[in-house]
Amino acid sequence: MMFNKRTSPYVTGKQDVSVIMRQVLYALVPGTLVLIWYFGWGMISNLLLAIVFAELLEWGMLTLRQRPVRPFLSDYSAVVTAWLLAVAMPAFAPWWLIALAMVFAVVIAKHLYGGLGYNPFNPAMIGYAAMLVSYPVQMTIWPAPLDFSFAHIGLGQAVQQVFAGGSQSWDALTAATPLDAVKVNLGLHKTLNEIYANGQFGLLAGQAWQWVSMGWLLGGLWLLWQRIISWHIPVALLGSLALMAGIFWMINPQVYASPLFHLFSGAAMLGAFFIATDPVSASTTPLGKLYYAGGIGAFTYIIRTWGGYPDAVAFSVIMLNMAVPLIDYYTQPRVYGTKRQQG
Amino acid sequence: MNATYRELTLAGLWNNNPGLVQLLGLCPLMAVTTNVVNGLGLGLATLLALVSSNFAISLVRDYIRAEIRIPAFVLIIAGNVTLIEMLIHAYFPELYAILGIFIPLIVTNCIVIGRSEAYASKNPPLHAGYDSLMMGIGFMLVLMVLGGLRELVGNGTLFAQAHLMFGEAARGMTISLGTDFKGILLAALPPGAFIGLGCLVALKNYIDKRMAQTAKASQPITRQPLGEAA
């Protein structure tokens, strides 16, 4: 007599890579819609260009590496990478900037390390950091929010800006992002109250940017609810960023921006829910996730406040990606039934 | 005799290239190769140090006790490198300013001590000198190719600052990709050196693999009589 032995779990969901990636894409929608509201065609062109280049490069690398093309090309992982890069790059970014960023992300950071699941670094952040280091001017010129929405800039103008290089008159309409404005003006020995008075700032942070961050927060909470990501990374990242900011804010609120400002500026929300949570390059143990994300938050604050760049989520993520093997090694959870090793 | 030299040439330039296969002397390889001229300058200095030191070491190899051979080698190498440093300082002061600390550091370059330990201390002077010459040229070529790659991608130029080595007449040697291309700054920074060297090593391995495949394919198939086949 033979028993048909099946071990648990008996009920499984259809969780494969493409399902998870699709859900991440859904979660990205609210924040992206806010960005499109403020930057119009500029954000749409970023997204389209990034996705097209990412899929083309993915196809090219898969063919070169003699891997099955169809399953990998349709798992949406390249789309997620492209999407994250597109929303991180300035609206109306020139096409070659996006193409180059995708080369670094897909070819160097992903496929040269062995493709999906083998990359030690977050591909989107490698692409972003490589471009930020190589083209600091193009990567920090953000058009002023709303001035470049659909109502002001038509499709034709947008295409010309992206493919033929911008006209000089556009430069006058660009605006420093809140983090940039704060950093530059603090350098000029202004107090934060004086900086906030220029009308660019809202209740929490930058007038436009706080709503973008809200969008990421909304999508991120949905991801949490869907259990695509665990609470550890977002909570630890935002918590350590807020803690660092809070300490220095209490010391001198005129020189150090408030914790709320830091949480709702730049890529803090995007990083906490979408970038640091990348299952491949993040720490995998529960305790390790806390260390990993806490480190990202702390480094983000340190570089934002005392470093040379206005925002630092990309650099912090890459730095902590390097530490992940070590973190994972020292934070192995205790196997049930065994004694904790005395160390 | 000839076979030895052919072997040494092949090993130095390709099969056992210090830059691409042994991966020795990575520090100057990474730090200096921001353009072709710097690469050529340091490559020449290393080449001179290699040949003169290893020729000298090979001459005295029978008189040095095995126990103290390493300090003795380092002493000889350091003397030669100091000489070369003074020569560059005297005749190419601008190049000296760029290469700076990396010229005295040739003393600690693993390629030099590696060749003296592995080859010069066991072989006659002519062989040792020739071996060093080929290793030095192989290293210099890698420095120049990497420098050229990084210069082209990072700055959009080639042979910039050639006048530092070849005099004022060489100013015209600079090739530019045009004013529109500003270059990818990353290539000129340290990460660019690592990525560039990685690409070169990969290219070399790829060529080796292809050559091995074609060699295998063109090998005549030797038929063995059925009874003797194992």
Buried (at least 20 other Cβ atoms within 10 Å of the Cβ), at pLDDT below 90, aliphatic (A, V, I, L, M) and in a helix (DSSP H, G or I) - does that describe any residue in segment B:177-191?
-> yes
Yes/no for A:Y118 being in a loop (DSSP other than H, G, I, E, B), at pLDDT 90 or above and not acidic (D, E) | yes
A:L217 versus (1) over 17 Å from A:G31 (Cβ atoms); (2) outside any loop (DSSP other than H, G, I, E, B): which is the lone unmet condition?
-> (1)
Only one of A:I327, A:I318, A:I302, A:I296 is β-branched (V, I, T) and buried (at least 24 other Cβ atoms within 10 Å of the Cβ), namely A:I296
Determine, yes or no, whether A:I141 is surrounded by fewer than 22 Cβ atoms within 10 Å (Cβ to Cβ) and more than 14 Å from chain B (Cβ to nearest Cβ).
-> yes
Looking only at segment A:1-46, and only at residues there that are among the hydroxyl-bearing types (S, T, Y) and surrounded by fewer than 19 Cβ atoms within 10 Å (Cβ to Cβ), the one that is nearest to the chain's Cα centre (by Cα) = A:Y26
Take B:L203 and decide whether it is in contact with a helix residue (DSSP H, G or I) (Cβ under 6 Å, 6 or more places away or on another chain) and either in a helix (DSSP H, G or I) or modelled with pLDDT under 85 (or both).
-> no
Of the residues that make up segment A:202-216, is at least one on the phi > 0 side of the Ramachandran plot and in the same structural domain as A:A314 (by TED's automatic domain parsing)?
-> no
With respect to A:S283, is the statement that it is outside the structural domain of A:L85 (by TED's automatic domain parsing), in contact with a Leu (Cβ under 7 Å, 6 or more places away or on another chain) and outside any helix (DSSP H, G or I) true?
-> no
Somewhere in segment B:3-19, is a residue in a helix (DSSP H, G or I), closer than 17 Å to B:C110 by Cβ and in contact (Cβ under 8 Å) with a residue 60 or more places away in the chain?
-> yes
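The values are calculated or read from the model by the stated rules, or taken from the named source; none is laboratory data. Source: prediction; values computed, not measured. A quick note on method: Cβ atoms are made from the backbone with ideal geometry, for glycine too, and the neighbour counts reach across all protein chains shown.
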